[in-house]
Amino acid sequence: MEKVCLIGAGSTKYGKLEDSITDIALQASVDAIESAGIGPKEIQAGYISNVFGIADKQVHLGPVIMSNLGIPEVPSLSIESACGSGSVSFREAYANVAAGFYDVVLATGVEKVTHTGTEWTTTYFSYCSDFFYEGGAGASFPGLFASMARAYLAEFKATEEDLAMVAVKNHDNGLLNPKAHLRKKITIDDVMKSAVVASPLKLYDCCPFSDGGSAVILCSEKFAKAHTKNYVEVIGSGRGGSPAALQGRDHITTIPSTRIAAQAAYKMAGISPKDVDFAEVHDCFTIAELVDTEDLGFFEKGKAVEAVREGRTKLNGDISINPSGGLKSKGHPIGATGIGQVAEVFDQLTGKAGDRTVKDAKIGLTHNFGATGASCAVHIFKSV
Amino acid sequence: MLTKEEFANNAKLGKVLTRKCTKCGHHHLVTTYFCQNCGNKGFENAVIDGKGSIVTYTIITVPPDGYEEYVPYAWVVMNLDDSELRISGFMADIKSPADLPLGTRARITGYDQRGIIIEKQ
């Protein structure tokens, strides 16, 4: 396999955006191409992740994006894997460069849903669940994670205030990120007093519905070395699956796909969780960050809550979790999120993360999943 | 093949229709074409009692389309007494966690436009 590197990354602001889904995707793509210092003609394939293009009357996004980049002849693949679409798409881009099919590829993720309103998004997102048992019995996505939260709080004697601390931390980080959706300092009290969405989760335990686009340029090591000194190496790539419905899992508070993907990625990279300096993890709800950081091996099962209480996951703590603000504060444009995480790692490892820089960071990890973790991808990156 | 209609008809009788592997005996709730445990292709239907206890749940206050009139309601996950399987579904009239401590005894009572219906025993 060829070594694969990142040479450029770009993102739009995440939030409520007026532009069309195509324009958002193109802005991010152009940003990444310019960041890489290449021309569009050097791109040999495009990987485009998106879930609800239908909401903005544009599916089959790949060829539309390639055409508007002036490279209509370049092949593309449009990929959907619910909220994990971006990381799953990144994996396909990675695998094709690693296999030697292409030297340079573009991976762009995009979502545009906020114009549809909360009822549409709540309803359509529920179609990402195992619908017969979950969405089709009245479960919303906050409801599914709330069910995980209730089980976690009972099993590990944690409290709703502990969950709130995750939101407070990620909002603190998001304040330092100019492209974050929710740039607002919050307190535990704010979280506890926010409206209940699906007990025990409240509004401030939930990430927002966001519009946004992110893009990265992947290439062979040979191309990267010939082209720039400021690049990042992809050293681990892992994927995994879980039973689609929560009822099919042995433990409600463990996401099997995360464990499988992480083990594969660590093995490929030849590192262990303690070697990771910072991680962008899938904190769609506060409970998810606790579960993720345990399943990724940063903490033992049930111990993530102590780490959060002690501030060990804050920016420049023992391990910085979600320095970008995470899905919670940076925002969650579902087709873009996994690519946005990779863009954050690129910025961190190439000295472009500004005030939210993780000091002396050499190794970063991204973790992004679809639905309640039915599909998952983990990637590990190293500065050169 | 385990169809939605067959499953619903059993749920209305308080039962859960499962598929049992003819080779290793592993139970499956969902429609699978191969056994998750041993990879065998053969299954027989096995109807089990829809009684159990609540493992976890949520109380929904911001509902998906079609559930507005039922708010607040619970979506619950239940351990079934007679197998290692769990099943989830809709539970009406749950207003606060005090209404449903974990471990509460429950049973399947039906299937309708709200999905699989589970009630407290």
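Taken together, the values in this text are just the output of simple stated rules run on the coordinates, not laboratory data. Predicted model only: the values in this text are computed from it and were never measured. Here the Cβ is made from the backbone with ideal geometry for all residues, glycine too, and neighbour counts use every protein chain on show.
So the values come out like this:
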| read-out | value |
| --- | --- |
| Gain on full stretching of the segment that runs from A:Val59 to A:Asp318 - 0.36 nm per residue minus C-alpha separation | 89.0 nm |
| Rg over Rh, two decimals, the range A:13-105 (C-alpha only, Kirkwood Rh) | 0.95 |
| Residue-averaged [θ]222 nm for the protein assembly as shown, counting only DSSP H segments that reach four residues, each worth -39500 (n - 2.57) | -8500 deg cm²/dmol |
| Rounded FRET efficiency, nearest 0.05, which uses the C-beta distance separating A:Ala154 from A:Ile188 and R0 of 22 Å | 0.60 |
| Over 32 Å (Cα to Cα) - which of A:Lys112/B:Lys41; A:Lys274/B:Lys20; A:Lys112/B:Lys12; A:Lys112/A:Lys314 fall in this group | A:Lys112/B:Lys41; A:Lys274/B:Lys20; A:Lys112/B:Lys12 |
| Net charge dipole size for the range B:1-119 [Lys, Arg +1 and Asp, Glu -1 on Cβ; Debye, nearest 20] | 480 |
| Whole-Hz ³J(HN,Hα) from phi, Karplus 6.51 cos²θ - 1.76 cosθ + 1.60, for the range B:41-55, glycine and proline x | 9, x, 9, 10, 5, 9, 9, 10, 5, x, 9, x, 9, 6, 8 |
| Candidates per trypsin sites (Lys or Arg not before Pro) in the range A:109-182, loop by DSSP, up to 16 other Cβ within 10 Å | A:Lys157 |
| Loop trypsin sites (Lys or Arg not before Pro), the range A:195-251 (other Cβ atoms within 10 Å of the site Cβ: 14 or fewer; DSSP) | A:Lys229 |
| Efficiency of FRET from Cβ geometry, A:Lys267 and B:Asp81, R₀ 56 Å, rounded to 0.05 | 0.90 |
| Convex hull of the range B:4-120 built on C-alpha atoms - directionally averaged projected area, nm² | 7.4 |
| Distant-in-sequence amide H partners of A:Tyr47 (H built 1.01 Å from N, under 5 Å) | A:Leu77, A:Leu106, A:Ala107, A:Thr108 |
| Cβ-isolated cysteines (cut-off 4.7 Å), the protein assembly as shown | A:Cys5, A:Cys83, A:Cys128, A:Cys206, A:Cys207, A:Cys219, A:Cys284, A:Cys376 |
| Hz values of 3J(HN,Hα) by residue in the range A:286-302 - Karplus curve (6.51, -1.76, 1.60), Gly and Pro given as x | 3, 4, 4, 5, 5, 4, 4, 5, 7, 5, 7, x, 6, 9, 5, 4, x |
| Euclidean distance of C-alpha centroids, the range A:308-377 and the range A:86-162, integer Å | 16 |
| Qualifying trypsin sites (Lys or Arg not before Pro) for the range A:303-356 [loop in DSSP, other Cβ within 10 Å: at most 15] | A:Lys303, A:Lys352 |
| Gained length - A:Ser20 relative to A:Glu310, 0.36 nm times residue gap less alpha-carbon distance | 100.1 nm |
| Partner chain coverage, peptide A:244-253 - average Cβ within 10 angstrom | 4 |
| Taking only Cα atoms of the range A:324-377, radius of gyration then Dmax in Å | 11.9, 34 |
| Pair A:Lys3, B:Val71: separation of 7 Å Cα→Cβ label points (nm) | 5.4 |
| Label-point gap, in nm, between B:Arg105 and B:Asp93 - each point 7 angstrom along Cα→Cβ | 1.8 |
| At 1.306 mPa s and 10 °C, Stokes D of the range A:96-214 from Kirkwood alpha-carbon radius, µm² per second | 95 |
| Translational diffusion of the range A:203-348, µm² s⁻¹ [Kirkwood Rh, Cα pairs; Stokes-Einstein; 37 °C; 0.692 mPa s] | 199 |
| Extent along principal axes [Cα atoms of the range B:80-121; Å; largest to smallest] | 29, 26, 14 |
| ³J(HN,Hα) computed for each position of the range B:108-115 - Karplus, 6.51 cos²θ - 1.76 cosθ + 1.60, integer Hz, glycine/proline x | 6, 10, x, 8, 8, 4, 8, x |
| Diffusion coefficient, µm² s⁻¹, Stokes-Einstein with Kirkwood Rh over alpha-carbon pairs of chain A at 37 °C and 0.692 mPa s | 163 |
| Cut-off under 5 Å, modelled amide H: who pairs with A:Leu201 long-range | none |
| Cut-off 19 Å (backbone N to label point 7 Å along Cα→Cβ of A:Lys274), residues of the range A:314-332 | A:317-321 |
| Exercise: per-residue mean of other protein chain Cβ atoms within 10 Å, B:76-89 | 4 |
